[in-house]
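Engineer: Sending over a structure as structure tokens; questions will come in a sec.
The values are calculated or read from the model by the stated rules, or taken from the named source; none is laboratory data. All values derive from a computational prediction rather than experimental measurement. Every residue, glycine among them, receives a Cβ derived from its backbone with ideal geometry; neighbour counts consider all protein chains shown.
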Amino acid sequence: MALLEIRNLVKIYPHQVRAVDDVSLDIHAGETLGLVGESGSGKSTLGRLILRLVEPTSGSVYFHGRDLLAAPPGEMRRRRRDMQIIFQDPFASLDPRYRVEDIIAEPLIIHRDGKGQGGIRARVIELLRAVGLDESILRRFPHEFSGGQRQRIGIARALVLRPKFIVADEPVSALDVSVGAQIVNLLAQLQRDFGLTFLFISHSMPVVRYLSTRIAVMYRGKIVEVGTAEQITERPQHAYTRSLLEATPEVTV
């Protein structure tokens, strides 16, 4: 059984805009499924539908065999421990009024992790080190850091509850190429260290190809092609996939 089973997912916004149009996908434990497509193709909406940050118009999302869209609030709250998101913009996704320690600890407090203050701080420090940062930054504020450092703080926050599944929503698109490459390599290392499953959303085929086990190509709200990273990049079947490959330069990661 797949970790996540997405069936016939639809999101229609006002004026009949079908942002996600009858999407079905399986995501297997331990893999990175890359979701690639141009801006406006529905990628980020799909990621948020899976996590129920946006409610779908119709369809089903099964996590460990349980239908998330039918889950009552109490069960959905528990499930959120297992499913987290890394946002695109490291400048907007961190509350500027919070210190680093409070930003990373907030999910533990919300979910009443029961570690006590000492246990929470120890967990925060553990995650900071895992993302390549030092405990000396605990009392500093987001504006004191570069974009790459802020994204590392956001990744630490996403990992603090020990989730099984993470939606990485264009996590390097707001960063310059060299810093983005470091973040991509960090995500690959964290996947190995923590046994994570990723939905990695990007408009960049080279980045997706580097990180992903399989790739799903999205165009105008629909999945037009799914295959292994090698199949999609070496033997694309759909004209849109071929156009994406032709339009993106090689990037060294």
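Engineer: Taking PRO90, is it more than 30 Å from TYR62 (Cβ to Cβ), within 14 Å of the chain's Cα centre (by Cα) and surrounded by 17 or more Cβ atoms within 10 Å (Cβ to Cβ)?
Structural biologist: Yes, satisfied.
Engineer: So, one more: Can you find even one residue in region 49-63 that is assigned to a helix (DSSP H, G or I), over 19 Å from the mean Cα position of the chain (by Cα) and assigned by TED's automatic domain parsing to the domain that holds ILE223?
Structural biologist: Checked against the condition, which is being assigned to a helix (DSSP H, G or I), over 19 Å from the mean Cα position of the chain (by Cα) and assigned by TED's automatic domain parsing to the domain that holds ILE223, region 49-63 yields no hits at all.
Engineer: Can you pull out the residues in region 221-236 that are surrounded by 14 or more Cβ atoms within 10 Å (Cβ to Cβ) and either closer than 21 Å to GLU31 by Cα or modelled with pLDDT under 95 (or both)?
Structural biologist: Those that are surrounded by 14 or more Cβ atoms within 10 Å (Cβ to Cβ) and either closer than 21 Å to GLU31 by Cα or modelled with pLDDT under 95 (or both): ILE223, VAL224, GLU225, VAL226, GLY227, ALA229, GLN231, ILE232, THR233, PRO236.
Conditions (1) free of Cβ contacts under 8 Å to residues at least 60 places away in the same chain; (2) surrounded by 18 or more Cβ atoms within 10 Å (Cβ to Cβ); (3) under 20 Å from VAL172 (Cα atoms), marked per residue:
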| position | (1), (2), (3) |
| --- | --- |
| SER24 | no, no, no |
| HIS28 | no, no, no |
| GLY37 | no, yes, yes |
| LEU53 | yes, no, no |
| SER58 | yes, no, no |
| ARG77 | yes, no, no |
| TYR98 | yes, no, no |
| ILE110 | yes, no, no |
| VAL131 | yes, yes, yes |
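Engineer: Being of a type in the set (D, E, K, R) and in the same structural domain as ARG112 (by TED's automatic domain parsing) narrows it down to one residue among ARG209, ARG123, ARG192; which is it?
Structural biologist: None of the others qualify; the one that does is ARG123.
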